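Okay, structure first, notes after.
Please treat every number below as a calculation from the coordinates, not as lab data. The structure displayed is predicted, hence computed values, not measured ones. Ideal geometry is used to build each Cβ from the backbone, glycine not excepted, and the neighbour counts take in all protein chains shown.
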Amino acid sequence: MAPEQKRVKMREALAAAHLYYRQDFTMEAIATELGVSRSSVSRLLRYARESGLVEIRIHSPQEARSRVEQRFTDRFGVTAHIVPGSSRLSEAEQLDRTAQAAAHLIAASVKPRSIIGVAWGSTMSAVAQRLSSSEKHGVQLVQMNGAANGYSTGVQYSTELLGGFAEKLSAEVFQLPVPAIFDDPTTREALWRERSVARVLDMQAAANMFVFGLGSRIGDPRSHISSGGDLGADDLTELAGHSVVGDCASRFYRLDGSTTGIPINDRSSGPPFEIVRRAPQRICVVSGATKRDSLRGALAAGIITDVVVDEALARLVLAAGE
């Protein structure tokens, strides 16, 4: 094709492409506009694509989530499982979707003779309801933090939660029947020396999987430990004074992931983070914008290997770190 002919064809192809892709003209309308046949319009549009005048891109929501997952993984060194959401979903509906995704991951990750640590909370209750049956030989469940408080023994709540996991995973359960937060640290120290309790603590340290949610900011009524009677007004004031952003299994931490110098941790029944980090797989399930800083703190603490998180929250956490 001669240079002048090529220039003319490119001008015609560009005009056809502009009318078709930018102004939504039909093939027939473009043919009339340019004074050519419909088949000529088809050839011009094909030439526009093949010559690079037109580039067609398909934007998939799944691909977008995959990019967020990769960014999250690269930024924080964890395996991210992003759960799609919608502004039309309520907070409870989004939590349900996130719990469903987490239940699939947990069931697929359980191996025979696994010791699975479970921290109680509203998120884990939702996950327990969504678990599918997965019979693996010799699975054991160990409660990672006490549930009793000044209003309740916590036995029924923790039993129902652990029972949900145990039923679906055909697992033996080992409970920790102690307060979530002790009144006196010396009481905890004494009880920790009891053989029956020490056995459960040894199992916690031997867990090869730990599944947990995160408490949100202190005082948030949606945080079970803040609203369930485990903390008094003085406790909440103290935690706020120490810049606490959340808790994992009743162990409180700051935005930088630190737990030292927070007095209430001396009374907590939850495991220190050095014990948590011994578990090879640590699956955090988290949903809702109020958990932004609690997730950031947990990531900084290095207690997460896998995170199941709704897309909106994942984007908030990524944006906060930029």
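Excluding same-chain neighbours fewer than eight residues apart, no lysines are reachable from Lys9 by a Cα-Cα span under 22 Å. Partner aspartates and glutamates whose Cα lies under 19 Å from the Cα of Lys291, excluding those fewer than 8 positions away in the same chain, are identified as Glu69, Glu91, Glu93, Asp96, Asp220, Asp247, Asp256, Asp306, Asp310, Glu311, Glu322. Once backbone amide H atoms are built at 1.01 Å from N, Phe210 has Gly117, Gln281, Arg282, Ile283 as its partners under 5 Å, excluding neighbours fewer than 5 places away on the same chain. Against the set (i) 329; (ii) 300; (iii) 181, the structure's computed volume of the Cα convex hull per residue in Å³ falls on (iii). Taking Asp24, Asp235, Asp293 in turn, the Gaussian network model of the chain (Cα-Cα springs below 10 Å) assigns the largest fluctuation to Asp24. Mean-square fluctuation check for the chain, GNM, Cα pairs under 10 Å: which of Leu162, Leu19, Leu105 is largest? Per the Cα network of the chain with a 10 Å cutoff, Leu19 tops the list. For the peptides 112-123, 200-211, the ranking by mean Cβ contacts within 10 Å, running from highest to lowest, is 112-123, 200-211. A DSSP coil position with no more than 16 other Cβ atoms inside 10 Å describes the following trypsin sites (Lys or Arg not before Pro) in the range 249-304: Arg277, Arg278.
For the range 257-263, putting each phi into the Karplus relation 6.51 cos²θ - 1.76 cosθ + 1.60 with θ = phi - 60° gives couplings of x, 6, 10, 6, x, 9, x Hz, in residue order, rounded to whole numbers and with x for Gly and Pro. Proximity of backbone amide H atoms, modeled 1.01 Å from N, is registered between Asn145 and Trp120 at under 5 Å, excluding neighbours fewer than 5 places apart on the same chain. In order along the range 76-89, phi translates into HN-Hα couplings of 10, x, 10, 8, 9, 10, 8, 9, x, x, 7, 5, 7, 7 Hz, rounded to whole numbers, per the Karplus curve 6.51 cos²θ - 1.76 cosθ + 1.60 with θ = phi - 60° and x for Gly and Pro. Of all the options Leu299, Leu191, Leu141, the one that moves most in a Gaussian network model of the chain with Cα springs shorter than 10 angstrom is Leu191.
In order along the range 29-46, phi translates into HN-Hα couplings of 5, 5, 4, 5, 4, 8, x, 10, 7, 5, 5, 5, 4, 4, 5, 5, 5, 5 Hz, rounded to whole numbers, per the Karplus curve 6.51 cos²θ - 1.76 cosθ + 1.60 with θ = phi - 60° and x for Gly and Pro.
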